[in-house]
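The next block holds one structure in the form of structure tokens; read it before the comments.
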Amino acid sequence: MEKTVVNFGSLNIDYVYEVPHMVQPGETLHSRRRLVGAGGKGGNQSIALAKAGAKVAHAGKIGPDGALLRETLEKAGVNTDLLFTSAGASGHAIIQVDADGQNSIILFPGANFELTAAEIDRVVDAASGGLLLLQNEINALPEIMRKAHAAGCRLAFNFAPFSPEDAGALPLELVDYLIVNEIEGAGLSGVTPPEEILAKLSGRFPNTVIILTIGKDGVIAREKEQIWREPAVDAKVVDTTSAGDTFIGYLLAGILEGMPLPEALKLASRASAITVSRPGAADSIPHRSEL
């Protein structure tokens with residue numbers, strides 16, 4: 001197992017509102033409950049890695065209001081030596097969760113988009129020769145990817161949230177593990193059937209392992225001509241907010257332990273089923289012992 005995986009990603013203060021349905025244009029809606037916690041795809045994935053048993057350092061940036069974010073990472077066992085501080089506000093998210101457990105999210109990037117060249121160089125140097133995990137919620141991703149590849153890093157990239165503009169700018173051919181859901185995969189490939197998404201992306205990025213999560217239908221992965229399928233584990237859905245982040249953390253923890261990809265997919269699917277059965281973001285991610 002590699003010593004430490006470096007996750008260079010976002011940290012947000014999450015404001016979660018439980019609502020009967022998503023707010024419609026012109027509508028004012030009462031929330032049943034509000035939860036405030038630590039989130040961001042980057043932070044959630046670091047916590048999932050740590051709870052899965054991996055050694056993980058989180059690299060990112062917070063504002064003076066970000067004490068909760070640092071404390072949550074450290075409580076989960078995540079190394080925060082690469083966590084930088086901005087004079088501006090931390091990122092935050094406003095999350096609606098409806099009666100079916102589905103969510104709708106508004107992001108304010110804040111300090112996540114204030115990374116400097118010197119900070120990027122420090123992170124890449126720390127990750128050199130190991131595994132670097134990225135998501136699409138920080139600035140300067142093309143620069144980070146190229147520098148990390150040149151430093152001998154293996155790159156895992158969760159293309160979330162997806163945007164067509166970023167797809168054209170990112171050097172995705174450098175990525176070793178590309179992890180997308182159905183919407184992200186369709187946006188990147190231009191097709192919608194899961195098998196066609198895999199075929200298109202594998203054709204464009206032949207040296208990349210493509211991992212496509214498909215909600216209640218589970219996950220499909222492809223490495224060159226080899227395809228694996230793993231069904232979703234049945235669970236009562238309460239809140240899907242951190243399901244994908246849990247999946248990624250546990251998947252990479254399994255890979256780092258030397259698991260064959262099908263076994264890592266199974267481990268990640270079991271962990272995600274527990275996450276969706278609980279409310280909240282980082283707090284809903286299970287410990288390895290719960291599996």
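What follows draws every value from the coordinates through simple rules; no lab data is involved. As the structure is a prediction and not an experimental result, all values here were calculated from the model. Cβ placement follows ideal geometry from the backbone for every residue including glycine, while neighbour counts extend to all protein chains displayed.
Worth pointing out:
- Rounded to 5, percent antiparallel among DSSP beta bridges of the stretch 1-72: 65
- Positive-end residue of Pro231, Leu251, Leu267, charge dipole of the stretch 221-271 with Cβ unit charges: Pro231
- Per-peptide average of other Cβ atoms within 10 Å, ordering 228-235, 196-203 highest first: 196-203, 228-235
- The packing ranking of peptides 101-113, 128-140, highest mean first, is 128-140, 101-113, where packing means the average number of other beta carbon atoms within 10 angstrom of each residue.
- Protection-proxy order for peptides 187-194, 7-14, each taking the mean of Cβ atoms within 10 Å per residue, highest first: 7-14, 187-194
- Here the chain is treated with +1 on each Lys and Arg Cβ and -1 on each Asp and Glu Cβ, and its dipole about the Cα centre works out to around 460 debye.
- Projecting the Cα atoms of Pro20, Asn112, Val123 onto the charge dipole of the chain, computed from C-beta unit charges around the Cα centre, puts Val123 farthest toward the positive end.
- Average Cα contact separation per residue, the chain, under 8 Å, 6 or more apart, as relative contact order %: 18
- The equivalent ellipsoid of the stretch 122-234 has semi-axes of 24, 15, 13 Å, largest first, where each one is the square root of 5 times an eigenvalue of the Cα gyration tensor.
- Close Lys-Lys pairs in the chain, where close means Cα under 19 Å and separation is 8 or more or interchain: 15
- Residues whose placed amide H lies under 5 Å from that of Asp65, excluding near-sequence neighbours: Ser90
- Within the chain, helix-based [θ] at 222 nm, where runs of 4 or more DSSP H residues each add -39,500 (n - 2.57), nearest 500: -10000 deg cm²/dmol
- Restricting the stretch 1-54 to GluC sites (Glu not before Pro) that sit in a DSSP loop and have at most 12 other Cβ atoms within 10 Å of their own Cβ leaves Glu27.
- Shape call, the stretch 168-220: gyration tensor on alpha carbons, a/c limit 1.5: prolate
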